[in-house]
1. Which loop-located GluC sites (Glu not before Pro) does segment 130-173 contain, where loop means any DSSP state but H, G, I, E or B and the Cβ has at most 13 other Cβ atoms within 10 Å?
2. Please work out how much length the chain gains when fully extended from residue 199 to residue 89, using 0.36 nm per residue of separation minus the C-alpha to C-alpha distance, in nm with one decimal.
3. If the only charges are +1 at each Lys and Arg Cβ and -1 at each Asp and Glu Cβ, what is the size of the charge dipole of the chain around the Cα centre, to the nearest 20 debye?
4. So how tilted is helix 31-40 from the main axis of the chain? Cα-based, degrees 0 to 90, rounded to 10.
5. Modelling each spin label as a point 7 Å along the Cα-to-Cβ direction, I'd like the residue 151/residue 40 distance in nm, to one decimal.
6. Using alpha carbon centroids, what distance separates segment 158-208 and segment 45-68, in Å?
7. Grab the beta carbon distance between residue 15 and residue 168, set R0 = 41 Å, and tell me the FRET efficiency rounded to 0.05.
8. Which lysines, if any, have their Cα less than 23 Å from the Cα of residue 199, not counting same-chain residues under 8 positions apart?
Amino acid sequence: MNTDFGKRLKEARKHAGLTQQQLARKVGIGQSTIAELERSGLGSSHVTAIAVACGVSPFWLADGKGSMLSEANTSPGPEMKGMYPLLSEVQAGRWTELCTGFQSSDAQDWRPSTKNLGPCGFMLRVRGRSMENPGGSPSFTEGMILHINPDIDPLPGHFVVVRRSATDETTFKRYLLIEGAPYLEAINPDWPKDEKYLKLMPGDAWCGVVVDASLGGLI
């Protein structure tokens with residue numbers, strides 16, 4: 001959880017010379033929401049709008065990376081398309097059921113992306129080394145953040161997140177067709193042969209297609 005978010009929010013608001021009520025009015029939320037965000041330090045889906053209202057960098061406001069004014073008042077960097085929830089593996093596996101009623105505080109954190117992940121886009125942290133490809137590209141090391149669009153139809157070659165019906169666990173792999181049959185591939189060349197290719201089974205559920213990955217949540 002990004003516990004310093006509340007401090008940065010208060011600093012941004014004071015930089016803009018706004019009261020909590022004035023900032024809330026600009027963003028279109030209640031003053032009590034601003035007060036709670038400053039107090040709790042929880043991330044928020046309103047980060048982009050708050051950053052624009054205060055004239056500060058949304059990347060700095062979200063994660064404390066870069067300077068407060070770097071994206072706002074100097075040469076433009078990559079355009080941030082939105083803030084998306086960083087989910088647990090359990091949440092990711094049930095995301096189609098959870099998305100509509102999801103609350104800001106339900107996420108582990110909120111992270112910015114320069115990709116449009118859709119209305120139910122989310123992020124997931126890489127666990128394990130099955131998708132690490134030493135010396136090759138792409139390579140997804142443990143701890144990287146996956147940017148996932150659940151509305152894209154998976155095609156062979158896509159990197160995907162899938163919930164396995166047999167174990168109810170969520171896995172991140174590359175989608176392949178082998179002799180016409182659908183498989184999930186671990187791209188680590190040293191991965192055990194009996195675990196390198198997993199056949200997709202009836203009942204397995206697509207959670208989304210990975211459209212980007214980043215270190216520490218920033219591109």
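1. Details: sites: 132, 142, 169; in loops: 132, 142, 169.
Those that pass, being in a loop and sparsely packed, are 142, 169.
2. Values: separation 110, 0.36 × 110 = 39.60 nm, distance 2.02 nm.
That pair, residue 199 and residue 89, stretches by 37.6 nm at full extension.
3. Numbers: 23 positive and 24 negative charges, 140 e Å.
Dipole of the chain, to the nearest 20 debye: 680 debye.
4. 60
5. It is 2.7 nm.
6. Using only Cα atoms to place each centre, the spacing works out to 37 Å.
7. Values: r = 47 Å, r/R0 = 1.14.
Calculated value: 0.30.
8. Straight-line reach from residue 199, under 23 Å: 173.
FYI, it's all coordinate maths here, none of it is from the lab. Everything numeric here is computed off the predicted structure, so don't read it as measured data. All Cβ positions, glycine included, derive from the backbone under ideal geometry; neighbour counts span all protein chains shown.
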